[in-house]
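Take a look at the structure set out below.
The values are calculated or read from the model by the stated rules, or taken from the named source; none is laboratory data. Treat the numbers as computed from the prediction; the structure is a model and nothing was measured. All Cβ positions, even for glycine, are placed from backbone atoms using ideal geometry, and neighbour counts span all protein chains on display.
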Amino acid sequence: MNSIRLRLAREMATDQGGVVSRRQLARAGISEIHVRRAVGSDRWMAHGRQTIAVHTGPLDAVALRWRAIWETGESISAVDGVTALQVAGLKGYHDDQVHLSAKHNHNADPVPGVVVHKVIRRVPGELVAAGLPRVRPAVAAIRASHWAVSNRQAALLLLMPVQQRLVAPAELAAAQRLVRGRTRRAFIKSVVGDIAFGVESLGELDFSGLCRRRGLPEPSRQVLRRGARGRIYLDVRWDCCNLVVEIDGAQHREGLNVMLDNLRQNAVTLSGDRVLRIDVIGLRLEPALFLDQVAAGLLRFDVSHGHR
């Protein structure tokens, strides 16, 4: 193969992690004979039926995503779920597999390292128009939560894209109404509500209901206190033992909210109250563990006052 064809193939592969498809090569006038010669001379390497690397080293994450698309059907499949979120910039979440979505009637041979999820239909406008075929972050987050192995993982995959500003809360809520997954529908709807609409989606009244079902005394709600910065409303408080529970919304610990929370909690603590913090997503996932802590706080008061 002459230097012009080599340079052309490398240019095509630049934004694709060093890989090109046989179709791309053919459109550029590089024939199968040229490809076989480059692979046979150890200048290039084949990675499946459709994927050619213009080098002989390992494939990076970008190349593996393109390979997944080409090997499963370029016109049918799209990067989706966790992988689409990673392409959009998700940090701090590791998954070695490439997740794709494809229409439910699509069949392809298994590809190592690739998981193909069948979807009944595409949501209008869900695909990104240019570059790697992939799903927009809001839809990808909802699908990732349906494909997760646990409720904990599902909640994380809904929360992280919003925290990292890859998805707006309103976009996530809109996507949840459109995407019809097969698993944990009620749970996902409730968590998306917590993220998009704040602590009001759970409400202190619901927390009181949890306490009643646990056999704990019912607290007072929205108790008014005065602090250095003005009025402070406490979510719930047991007047008998100066125990306060603050229920934090999904975005409560972002930006300046951290500073404001610290000032608020310090003021409450200095007034003589003990404060337990419960995040609303945590209350969805581990209500028993958080109520154990509330019960322990109430029991400590009983023991210190000699109550039986």
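Beta carbons closer than 8 Å, at least 6 apart along the sequence or on distinct chains, pair a first residue in region 7-25 that is over 19 Å from Arg37 (Cα atoms) with a second that is of a type in the set (A, V, I, L, M, F, W, C) and in a helix (DSSP H, G or I) for Gln16/Val62; Gln16/Ala63; Gln16/Trp66; Gly17/Ala61; Gly17/Val62; Gly17/Ala63; Gly17/Leu64; Gly17/Trp66.
Yes/no per residue for (1) touching a Leu at 6+ places or on another chain (Cβ under 8 Å); (2) assigned by TED's automatic domain parsing to the domain that holds Arg7; (3) part of a loop (DSSP other than H, G, I, E, B):
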{"position": "Ile33", "(1), (2), (3)": "no, yes, no"}
{"position": "Arg37", "(1), (2), (3)": "no, yes, no"}
{"position": "Arg49", "(1), (2), (3)": "no, yes, yes"}
{"position": "Trp66", "(1), (2), (3)": "yes, no, no"}
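Whether any residue in region 23-34 is aliphatic (A, V, I, L, M) and over 39 Å from the mean Cα position of the chain (by Cα) is what I want to check. Yes: region 23-34 contains one or more residues that are aliphatic (A, V, I, L, M) and over 39 Å from the mean Cα position of the chain (by Cα). Restricting region 196-250 to residues that are modelled with pLDDT under 80 and assigned to a helix (DSSP H, G or I), the residue that is farthest from Ala155 (Cα to Cα) is Leu205.
Selection over region 129-154 of residues that are small (Gly, Ala, Ser), surrounded by fewer than 19 Cβ atoms within 10 Å (Cβ to Cβ) and touching a residue at least 60 places away in the same chain (Cβ under 8 Å) gives a count of 1.
All of (1) touching an Asp or Glu at 6+ places or on another chain (Cβ under 9 Å); (2) at pLDDT below 90 hold for Gly181 with one exception: (1). Residues in region 29-51: is at least one within 30 Å of Arg180 (Cα to Cα) and of a type in the set (Asp, Glu)? No - not one qualifying residue is present in region 29-51. For region 121-150, the tally of residues that are part of a loop (DSSP other than H, G, I, E, B), under 21 Å from Val192 (Cα atoms) and not hydrophobic (A, V, I, L, M, F, W, C) stands at 6. Evaluating Gly92 against the criteria (1) at pLDDT 95 or above; (2) within 17 Å of the chain's Cα centre (by Cα); (3) on the phi > 0 side of the Ramachandran plot; (4) not hydroxyl-bearing (Ser, Thr, Tyr) leaves one unmet condition, (1).
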